[in-house]
1. Among E96, E105, what is the fewest-to-most ranking by other Cβ atoms within 10 Å?
2. Using a 7 Å offset from the Cα along the Cα-to-Cβ direction at both R250 and E211, what is the distance between the two label points in nm, to one decimal?
3. Which length gain, in nm to one decimal place, applies between V233 and R95 when the Cα-Cα distance is subtracted from 0.36 nm times their residue separation?
4. For region 62-187, build the charge dipole from Cβ charges (+1 Lys, Arg; -1 Asp, Glu) around the Cα centre, then report which of V113, V180, M129 sits farthest towards its positive end.
5. How would you rank 24-34, 207-217, 171-181, 189-199, highest first, on the average number of other Cβ atoms within 10 Å across their residues?
6. Measuring from centroid to centroid over Cα atoms, what is the spacing of region 165-202 and region 206-252 in Å?
7. Suppose R0 equals 22 Å. What FRET efficiency, 1/(1 + (r/R0)^6) with r the Cβ-Cβ distance, do L102 and A243 give to the nearest 0.05?
8. What 222 nm value per residue comes from the helices of the chain, counting each DSSP H run with n ≥ 4 as -39,500 (n - 2.57) and dividing by all residues, nearest 500 deg cm²/dmol?
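The numbers here are math on the coordinates, done by the rules we state, and not lab data. Just so it is clear, the structure is predicted and the values come from calculations on it, not from any experiment. Using ideal geometry, Cβ is built from the backbone for each residue, glycine included, and neighbour counts are taken over all protein chains shown.
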Amino acid sequence: MADRNYRTALVTGASSGLGRGLALWYARKGVRVYAAARRREHLEALAQEALASGSRIEPVELDVSDGDATVARVRELDDACGGLELIVANAGFGRETSAKRLDWETVRQTIDVNVTGAAATLTAVLPRMVERKKGHVVGVASLAAFRGLPRNAAYSASKAYLSTFMESLRVDLKGTGVDVTCIYPGFVKSEMTAQNKFPMPFLLETEDAVELMAGAIARGEAAYAFPWQMAGVGSVLRLLPNALFDRLVRKAR
Ligand SMILES: NC(=O)c1ccc[n+]([C@@H]2O[C@H](COP(=O)([O-])OP(=O)(O)OC[C@H]3O[C@@H](n4cnc5c(N)ncnc54)[C@H](OP(=O)(O)O)[C@@H]3O)[C@@H](O)[C@H]2O)c1
């Protein structure tokens, strides 16, 4: 798998955490980066930070939960830059809720961002990429996609959707010149994990996670789960029969 040199990139969820880190990482490599999220002021600050280090990031105010608006905006960006070469669907929403207290608002918001938002972002210019015989689409799923984790019904299921979506894309797009990568992070420091009140084994610094993700994308990995310790746990959980899985995760929580 050869290293990839992109000219243009779109990263969603770029106002904080992994998306912010990835946007900066690519900008510093000389890629023209569109950084998308809802919080404009965070994106402006990111653009300033890039500028200070001699690179360029263009802020894109976008709420990915509106699928149609997302498709339209991604197509506009594609037109404006002469073709997006890398698209990272990273925007995500997660809120731990026991099924005993699960409310529709949380479920809907999770689906809107993690399912509708990601699918719209990844689909918007896919036929154009195929026509150009060039492109790389990346979905940021989660190790939570591997099984239905406790207190994570909406989140685990939304990431399982993305994981399966990326797998089908990968199979269909083989040989077209369009690469497909699905990333499964374990615990990484970010705004999302700052709200967690439980222990997070092998918690990574954002910068370290960004390096790992950018490396996997550059290598064109089909699927990349990290850190290896948590990826190992996830793979074992995947194989467990339901009765054993239920007992184990209930105890762990
Ligand atoms: N951190 C972890 O341990 C971990 C583990 C596994 C997977 N992940 C996944 O990694 C991705 C990045 O998460 P993170 O940890 O970096 O969390 P984060 O710091 O909370 O970042 C989430 C990003 O998503 C954006 N976002 C949320 N709703 C949006 C919407 N409706 N429209 C557009 N953007 C939206 C946020 O920007 P605005 O609020 O400004 O819109 C923010 O930039 C997510 O998909 C997450 O599920 C993270």
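1. So the residues, fewest neighbours to most, are E105, E96.
2. The two pseudo-label positions are separated by 4.2 nm.
3. Length difference between fully extended and current span is 47.5 nm.
4. V180
5. Numbers: 24-34: 21.0, 207-217: 18.4, 171-181: 16.5, 189-199: 12.3.
So the peptides 24-34, 207-217, 171-181, 189-199, ranked by packing, come out 24-34, 207-217, 171-181, 189-199.
6. A separation of 9 Å, based on Cα centres.
7. Given R0 = 22 Å and the Cβ-Cβ separation, E is 0.45.
8. Helices in the chain give a 222 nm mean residue ellipticity of -14500 deg cm²/dmol.
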